[in-house]
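Chemist: To start, I am sharing the structure in question, which I have written as structure tokens.
The values are calculated or read from the model by the stated rules, or taken from the named source; none is laboratory data. Source: prediction; values computed, not measured. Ideal geometry is used to build each Cβ from the backbone, glycine not excepted, and the neighbour counts take in all protein chains shown. Surface accessibility is based on the protein's heavy atoms, side chains included, excluding ligands, DNA and RNA. Shrake-Rupley method; radii C 1.70, N 1.55, O 1.52, S 1.80 Å.
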Amino acid sequence: MRRKKNILISAAGTPSAFHLAEVVQQRFSKYFELTLCDTNPKHLVPSAAFAHRFFTVPAAKDPAFRKTMLELIAREKVDIYIPLVDTDVYTFPCDDPELRELGVISTAPPAKSVETMRNKRLLSDWLRSHSLPSPRVFRRDDLDKADTHKKYFVKPEEGFGSRGTCFMTTVEIMQLPDKLSGGLLLQEACLSPEITVEVFNAHGKVRAISRERLEVKSGVCTKARLWIGREFTRLAEQLCQQLAMPVAFCFQVMKNPEQNWVITDLNPRIGAGTSLSSVCGWSLATAALAEWGQLPENPLKFLRSFNGDRYAVRAYRDFRTK
């Protein structure tokens, strides 16, 4: 009997980690052992209910994080490492030499792609230089000072999810101290709806599903419309052709003022709303696990095509932990 592969999932307190851990337990328990880690103790992490082992580790931005994780990976004989926070993803790209020396597969993109994605301004420049649609970017000196109430979308150059993002008017931006405004990206305000495109990318095959956020709570989609359409699948294919992307990732699109779809964000990992697609029969988490583990099951069978729209909603479950 083949040895079970040991998967380590970071940021175990996130919705995406919970979904991945649940899929491992329900579908692939004969193939994988599951190790989880998080900044919180075990009794405060719901996904710990599915784990064989659990460890509390420093935050990904902590100087001790990398050393701690490498020691943990070596000690626990990890085979596959799944980072789920952007900082963690960028710390351990798939071609990281120390992970390779340990024989560990990281599900992150390679280091060259990491350098493109980790800074929002650099990513915006890269998208435009490769003829991929993205919102217009402004410098503070270029703002329309005649229209002081014109709104722009402002986000940190280095950040993830919706943290630190907001809409600001010209006059509000002009009042920011130079030191603060220097780390912000100023984009044209795009129009709703915001669509998340989930992507499976392996062996030259790209599959995608689109998810419209009908309701969002704390940055996480709780009600969604889902469909499989050629327009965003083609965009995903163009992206994967020009940038080495991981097996599973997602990106967001919105319409610019000219009513054209543009890429507003690119996430080098599975998104927090991935489970909403899974209940519609298109399971990126399941397909990715089958690919990462080189399992005998064809990953594409977990990405069932369907016609028309489907709808999914998210509820919450309660766990007694301690």
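Chemist: Amide H to amide H, which residues 5 or more places from GLU158 or on other chains are under 5 Å from it, using H placed in the peptide plane?
Modeler: LYS120
Chemist: Let me ask something else about it. With both partners inside the chain, how many of the DSSP beta bridges are antiparallel, as a percent to the nearest 5?
Modeler: 75 percent
Chemist: Something else about it: Hull surface divided by four, with the convex hull built on the Cα atoms of the stretch 1-95: how many nm²?
Modeler: Here the figure is 6.1 nm², rounded to one decimal.
Chemist: Still on this structure, please answer the following. Per-residue counts of other Cβ atoms within 10 Å, averaged by peptide: what ranking do you get for 194-206, 165-177, highest first?
Modeler: 194-206, 165-177
Chemist: Starting with the highest mean, order 54-67, 208-221 by the number of other Cβ atoms within 10 Å, averaged over the residues of each peptide. Don't skip to the end; give the middle numbers.
Modeler: Values: 54-67: 14.7, 208-221: 17.6.
Going from most to least packed, we get 208-221, 54-67.
Chemist: Please compare each pair in LYS112/LYS145; LYS67/LYS217; LYS120/LYS322; LYS5/LYS322; LYS155/LYS205; LYS42/LYS223 to a cut-off of 31 Å on the Cα-Cα distance and tell me which ones are over it.
Modeler: Working: LYS112/LYS145 38 Å; LYS67/LYS217 34 Å; LYS120/LYS322 41 Å; LYS5/LYS322 29 Å; LYS155/LYS205 33 Å; LYS42/LYS223 29 Å.
Where the Cα-Cα span goes over 31 Å, the pairs concerned are LYS112/LYS145; LYS67/LYS217; LYS120/LYS322; LYS155/LYS205.
Chemist: Only Lys, Arg, Asp and Glu count, each charged at its Cβ (+1, +1, -1, -1), so figure out the dipole size of the chain about its Cα centre, rounded to 20 debye.
Modeler: Roughly 940 debye for the chain.
Chemist: Amide H of THR264: which non-local residues (sequence gap of 5 or more, or other chain) have their own amide H closer than 5 Å, using H built in the peptide plane?
Modeler: Amide H neighbours of THR264: GLN252, VAL253, MET254.
Chemist: Per residue, what accessible area does the chain have, given a 1.4 Å probe and all protein chains present, in Å²? Intermediate results must be reported in sequence, preceding the final value.
Modeler: Details: 15600 Å² over 322 residues.
Accessible surface, normalised per residue, equals 48 Å².
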